[in-house]
Amino acid sequence: MPRRKKTEANAPSVKIEKRNMPNRLLGTKDFVDSEYACFDFVVNKALELAKLYSFAQVKTPILESLDLFKKSTRRNLEKEFLSVEAEKNEKIVLRPELTQGIIRAYLENNLSENIKLSRLFSIGQIFRHEKLQSGRYRESNQFNLEIIGEKKPMAEALLITIANNFFAELQIKAQVQINSIGSLDCRKEYCNKLLNFYKERGRKSKLCNCCKNSLGKNCLSLLDCKEDSCIKLREEAPQIADFLSDESREYFTKTLEFLDELGVNYNFNPYLVRGLNYYNDTVFEFWPINEEGVVSGKMALGGGGRYDSLIESLGGDSTPAVGLAIGIERTISKLKDKHLIVNKGEDDIVFIAQLGEQAKLKALQLFEDLRKEGFNVRQSFASDSLKIQVEEATAMKARTCLIMGKKEIMDGTILMRDMDSGAQETVVFKKVKERLEKKVNQEKKVMSRKGGGLYG
């Protein structure tokens, strides 16, 4: 019996070697497809709220001088700087924070002369040589709000309210952790007490290596450590609330009273100090909580506080200020209904489909006319298949599809299809804009009676 030749189906599989492809750097993130839809959604929410509360947008360079951050940064952050090779005697870094750049722009561009620009916001990238772990990136995005020139508890209450609304409208459960670290004089006495506490026998050995190194340099930062051993030890430590001046205590009390009146869910956290050394008085962070209202995870979604000495330290006049920073990537990681965001269609999309060269030219002219009139139009002129174009209109949840072929060109008409019901009508080409306006207005009335969807 002759041997049967092996076919492709039963031939042995050939192992294909994987090519040496370039990989994304550790500590960085790609935003593609659904992830970018979430990124775009969160950023748009930030823009919406910032403008609603009358904050003016500023954009500062990613590259900044090292000197801008050295005087006003957190413990050991210099080790986290990502430096850039520059000209001789130049020390340039990729910005690790947004606040300092915003304040530099405020001073350099004399924005203090315009009272309207005392409330500034920015959305942009920051860079740090972080320890690579979940929730920490070398490159990430921040949403910052700064109120400059206001020394009133209402300023803190406003920022906390905006952040609270930001998370609530994204359906992210978060709780404000808030504390007062008082003035510089308050902290001097407290730090001496705290240093003596940690130096007592048996306590120093329980600290993590980073906190042991900080013990004689910046003991306040020990309260900010996220290591379990240090968290357990600080529960026995003295609280800064017992060392506040009457002025700082009164200011903090008034801030909490405002939050109570605004109905903001907060937790007084006596160990919250934040990592940056330019803060004074009120500091706060937003921590994620679960369905039971219990804090989940060690990573804050955002935080901020008052920094009344920062502007003067950077060469400006003594000016009070308070700020807030929210991590975009951390916020996205807490979105529970990402699929609803990804599948959320735009309102009132009008898709123009065509078949044939003449129809394509006429459709392009119509597309430009409708676009200039403010209609939310879409098209797929690269496709010659009517079926594929209609499928694309369905995928993007278009409300209306305008179809034009050889017959419609000859008759001076266009076919209007309602994508929800499938009903079609022939409309005189010259009256298509009038008919669309009528249809859109009818749909808006129906939607207003039904009420808004999940995301408003």
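The values are calculated or read from the model by the stated rules, or taken from the named source; none is laboratory data. As the structure is a prediction and not an experimental result, all values here were calculated from the model. With ideal geometry, Cβ positions are generated from the backbone for all residues, glycine too; neighbour counts draw on all protein chains shown. What goes into the accessible areas is simple: the full protein's heavy atoms, side chains included, and nothing from ligands, DNA or RNA. Shrake-Rupley method; radii C 1.70, N 1.55, O 1.52, S 1.80 Å.
The table for this structure:
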{"item": "Within region 214-300, trypsin sites (Lys or Arg not before Pro) in DSSP loop having at most 15 other beta-carbon neighbours inside 10 Å", "result": "217, 226, 298"}
{"item": "Computed E for residue 112/residue 51 - FRET, C-beta separation, R0 22 angstrom, nearest 0.05", "result": "0.55"}
{"item": "Residue (of 251, 386, 364) at the positive-pole extreme of the chain, dipole from beta-carbon charges", "result": "386"}
{"item": "Stretchable slack from residue 24 to residue 242, in nm (0.36 nm times residue separation minus alpha-carbon distance)", "result": "73.6 nm"}
{"item": "Pairs of lysines in region 162-233 (C-alpha under 18 Å apart; 8 or more residues apart or interchain)", "result": "17"}
{"item": "Helix-only CD estimate at 222 nm, as mean residue ellipticity for the chain, using -39500 (n - 2.57) per DSSP H run (n ≥ 4)", "result": "-10500 deg cm²/dmol"}
{"item": "Furthest towards positive pole of dipole, 219, 129, 66, structure part the chain, Cβ charges", "result": "129"}
{"item": "Positive-end residue of 313, 398, 233, charge dipole of the chain with Cβ unit charges", "result": "398"}
{"item": "Amide H within-cut-off set for residue 174, under 5 Å, with H built and near neighbours excluded", "result": "289"}
{"item": "Contour minus Cα-Cα distance for residue 226 and residue 433 (0.36 nm per residue)", "result": "68.5 nm"}
{"item": "Radius 12 Å from Cβ of residue 84, net charge of other residues (Lys, Arg +1; Asp, Glu -1)", "result": "-2"}
{"item": "Angle between the chain longest axis and helix 184-199 axis [Cα atoms, degrees, rounded to 10]", "result": "80 degrees"}
{"item": "Label selected from (i) 53, 31, 22; (ii) 32, 25, 23; (iii) 37, 25, 19, the criterion being semi-axes √(5λ) of the Cα gyration tensor in Å as computed here", "result": "(i)"}
{"item": "Contact order relative to length of region 315-441, as percent, for alpha carbon pairs under 8 angstrom and 6 or more apart", "result": "23 percent"}
{"item": "Tilt relative to the chain, helix 386-395 - C-alpha long axis, 0 to 90 degrees, to 10", "result": "30 degrees"}
{"item": "Kirkwood-Stokes translational diffusion coefficient of region 153-212, alpha-carbon pairs, 20 °C, 1.002 mPa s, µm²/s", "result": "142 µm²/s"}
{"item": "The chain - charge dipole about Cα centre, Lys and Arg +1 at Cβ, Asp and Glu -1, debye rounded to 20", "result": "1940 debye"}
{"item": "12 Å beta-carbon shell around residue 165, net charge (K/R +1, D/E -1)", "result": "-1"}
{"item": "Point-charge dipole on Cβ atoms (K/R +1, D/E -1) for region 25-114, about Cα centre, debye to 20", "result": "400 debye"}
{"item": "Accessible area in the full protein assembly, largest first, 1.4 Å probe, for 360, 430, 439", "result": "430, 360, 439"}
{"item": "Net length gained if the chain between residue 253 and residue 418 were fully extended (0.36 nm per residue, minus Cα distance)", "result": "53.5 nm"}
{"item": "Sparse-neighbourhood loop sites, GluC sites (Glu not before Pro) in region 237-313 - DSSP loop, at most 10 other Cβ within 10 angstrom", "result": "291, 292"}
{"item": "Qualifying chymotrypsin sites (Phe, Trp or Tyr not before Pro) for region 233-327 [loop in DSSP, other Cβ within 10 Å: at most 16]", "result": "271"}
